[in-house]
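Note sheet for the following structure.
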Ligand code: FES
């Protein structure tokens, strides 16, 4: 089968888009890979936003309505994080061995939430991701779309304090 020379540019230089593109490439940009591609987006970003859906639709040459239909049909896809802020903790092997579990534990201690949950005040949604493509920066965490390298429990504490205070 001939490879489809896709020319859709990545939405940004966020390395997570490369993972999404790699999943599509692995499936030769075949439309039947849609669900798996959406899974990769969700595992990397925590949810599927409009930018992601458009990127996937153009890359797989599918109508936006099809992609949107699939994304809304399955309950395991979410189109928005429920919290005002999103904290994605990479739990891939590279980050795990560098202390990602400790970071998750810190979040639970200070904010009372685990992966997949949102703080009671609606401020922060916490997501566990597989490798987000930044292993050289492990352990890596993504605060509101910004990849933070070599995160320590203190980094988590500071960020959550800022987010959960009134002026965040
Ligand atoms: S394992 Fe975390 S970025 Fe690769």
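Identify all residues within segment 143-161 that are closer than 17 Å to residue 12 by Cβ and either near the ligand (Cβ under 10 Å from one of its atoms) or not assigned by TED's automatic domain parsing to the domain that holds residue 109 (or both); write none if there are none.
Answer for segment 143-161, where residues must be closer than 17 Å to residue 12 by Cβ and either near the ligand (Cβ under 10 Å from one of its atoms) or not assigned by TED's automatic domain parsing to the domain that holds residue 109 (or both): just 147.
Tally up the residues in segment 131-152 that are outside any strand (DSSP E or B) and surrounded by fewer than 16 Cβ atoms within 10 Å (Cβ to Cβ), please.
Selection size over segment 131-152: 6.
Within segment 16-25, identify whether any single residue is surrounded by 13 or more Cβ atoms within 10 Å (Cβ to Cβ), outside the structural domain of residue 135 (by TED's automatic domain parsing) and in a loop (DSSP other than H, G, I, E, B), and answer yes or no.
Within segment 16-25, not a single residue is surrounded by 13 or more Cβ atoms within 10 Å (Cβ to Cβ), outside the structural domain of residue 135 (by TED's automatic domain parsing) and in a loop (DSSP other than H, G, I, E, B).
Using the structure shown, decide if residue 68 is more than 23 Å from residue 143 (Cβ to Cβ) and at pLDDT below 90.
Answer is yes for this residue.
Condition first: under 17 Å from residue 47 (Cβ atoms), near the ligand (Cβ under 10 Å from one of its atoms) and surrounded by fewer than 23 Cβ atoms within 10 Å (Cβ to Cβ). Now tell me which residues in segment 90-130 satisfy that.
91, 130, listed by residue number.
The values are calculated or read from the model by the stated rules, or taken from the named source; none is laboratory data. None of the values given here were measured: they were computed from a predicted structure. Here the Cβ is made from the backbone with ideal geometry for all residues, glycine too, and neighbour counts use every protein chain on show.
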